[in-house]
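Bear in mind that the values in this text are calculations on the coordinates, not laboratory data. Everything numeric in this text was worked out from a predicted model, so none of it was measured. Cβ coordinates were reconstructed from backbone atoms using ideal geometry, including for glycine residues, and neighbour counts include every protein chain displayed.
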Amino acid sequence: MNDIKLLGRLTQAPELKESVNGNQYAWFTVAVPRKNNRDEADFIRCKAFGKLAGALKQHCDKGRQLLLTGHLEVSATTDQQTQQKRFFHTVIAHQVEFLHDPNRAIA
């Protein structure tokens, strides 16, 4: 089973893009505090597709807290100069709950 859940904050506004097929997707990074040391965080690269990508772009900005569920995707490429294999880890978001927004005043 490949399920992942992240609770963290956006490091910057999501970057909305469009594939050659015309499908929308968004790249974003979530800072997740470490359980044993709240002063440290892991910065996790994430990707969302379709309506979820559009909603992230519309409603989220830097600092917005998110609860994300998805799966981990690992891809590999070979560096043409060094011939070393490089691995890239990305969390593919299936569902995102928009939580605290630090840019919005509480009435």
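Couple of notes before you dig in:
- About the centre of its Cα atoms, the chain shows a dipole size close to 80 debye [charges on the beta carbon of Lys, Arg (+1) and Asp, Glu (-1) only; nearest 20 debye].
- Cross-link pairs beyond the 24 Å C-alpha cut-off, checked among LYS35/LYS57; LYS62/LYS85; LYS57/LYS85; LYS17/LYS62: LYS35/LYS57; LYS62/LYS85; LYS57/LYS85
- Under 14 Å from a label point set 7 Å out along the Cα-to-Cβ vector of HIS71, the amide N atoms of the range 4-31 belong to 4-5.
- For the pair the range 1-44 / the range 74-100, the C-alpha centres are spaced 11 Å from each other.
- Local charge for SER75 was computed over the other residues whose Cβ lies under 13 Å away, with Lys and Arg +1 and Asp and Glu -1, and equals +3.
- Structure remark: mean-square fluctuation, Gaussian network model of the chain, C-alpha springs under 10 Å; the largest value among ARG64, ARG38, ARG86 belongs to ARG86.
- Counted charge near VAL32, where neighbours are those whose Cβ lies closer than 12 Å (Asp, Glu -1; Lys, Arg +1): +4
- Scalar couplings 3J(HN,Hα) for the range 6-15, obtained by applying the Karplus form with A = 6.51, B = -1.76, C = 1.60 to θ = phi - 60°, are 10, 10, x, 10, 5, 7, 6, 5, x, 9 Hz; x denotes Gly and Pro.
- Against the empirical 2.2 N^0.38 Å (N residues), the range 4-98 has a Cα radius of gyration ratio of 1.17.
- Other residues lying with their Cβ under 13 Å from the Cβ of PHE49 contribute a combined charge of +2, Lys and Arg counting +1, Asp and Glu -1.
- Taking the charge dipole of the range 1-62 about its Cα centre, with +1 at Lys and Arg Cβ atoms and -1 at Asp and Glu Cβ atoms, the residue from GLY50, LEU7, TRP27 reaching farthest to the positive side is LEU7.
- Computed over the chain: relative contact order in percent, which uses C-alpha pairs under 8 Å that are six or more apart: 29
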